[in-house]
Amino acid sequence: MSEKTILKLQLPTDPLWVKNVVESNIEEILTDHAYCEQKAASNAITLIVQNPQYPDLVQEMALLVQEEMDHFKRVHDIIIKRGYAFGKERKDDYVNELFKFLTKGGSRQTQLIERLLFSAMIEARSCERFKVLSENINDDELAAFYHELMISEAGHYTMFLRLAKKYAGDIDVDARWKEFLAYEAEVVKNYGKSETIHG
């Protein structure tokens, strides 16, 4: 899978992030990853609460909550199996910076589209990070695990974009998505150096 053709991300993660940061901080990475899955489930719940009038969106988000919490448990299982400590939640500066880009105010429809594109952006970068991890980490169990999750995240990314286009009305989703991609490319320049999934 090419990030350029599938995810459209403008700045790829340097594989050296895995060798120089991840492999010496597996415990930290797994703890951060577990919380990322929990936050993804929380985001899906928020979309349900804010948009109960769309039955198909509610159904898809309900399934997503189950899947993200399953991923959370599987990461937590690995932490336990390896004798690691499950630490406290880490602040996700990358996600917080993306959140600043969301259009504030406007119609409920605008807010929905913004939230869906914000969610798609996080899933796209997570997918790309999992791909880099799966291809470069010197750990067979985690390589296989992150390859599986890469495929899952790609499905989430396309789902969020599909829902955004479905409920867009007169909003130009493609144009707004290009703005998201350009903004994310600037944001991510400051990341890829720390022991977190998005760091």
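All of the numbers you see were taken from the coordinates with simple rules; none came from a lab. None of these values were measured; they are calculated from a predicted model. Neighbour counts are summed over all protein chains in view; Cβ atoms, including those assigned to glycine, are modelled from backbone coordinates with ideal geometry.
When shorter helices are ignored and each DSSP H run of at least 4 residues is given -39500 (n - 2.57), the per-residue value for the chain at 222 nm works out to -23000 deg cm²/dmol.
Other residues lying with their Cβ under 14 Å from the Cβ of Y94 contribute a combined charge of -1, Lys and Arg counting +1, Asp and Glu -1. Are any of the pairs K73/K166; K8/K88; K39/K131; K104/K131 more than 26 Å apart by Cα-Cα distance, and if so, which? Long pairs (Cα-Cα over 26 Å): K73/K166; K8/K88; K104/K131. Helix 140-166 axis versus longest C-alpha principal axis of the chain: approximately 10°, rounded to the nearest ten. With contacts taken as Cα pairs under 8 Å and at least 6 residues apart, the chain reaches a relative contact order of 31 percent.
With angles folded into 0 to 90 degrees, how steeply does helix 108-136 sit against the dominant principal axis of the chain? Use alpha carbons for both and round to 10. Helix 108-136 sits roughly 20 degrees off the main axis of the chain. Remark: the A175-I45 segment gains 44.1 nm on full extension, using 0.36 nm per residue and subtracting the alpha carbon distance. Scanning the chain for trypsin sites (Lys or Arg not before Pro) that sit in a DSSP loop and have at most 12 other Cβ atoms within 10 Å, the longest stretch containing none of them is 105-188. Taking Cα atoms only, the orientation of helix 55-81 departs from the longest principal axis of the chain by about 10 degrees.
Near V21: Cβ cut-off under 12 Å, other residues only, Lys/Arg at +1 and Asp/Glu at -1. The net charge is -2. Taking other residues whose beta carbon is less than 14 angstrom from the beta carbon of V173, and scoring Lys, Arg as +1 and Asp, Glu as -1, yields +2.
Tell me, how many Å apart are the Cα centres for the range 25-58 and for the range 133-199? When both Cα centres are located, 14 Å separates them.
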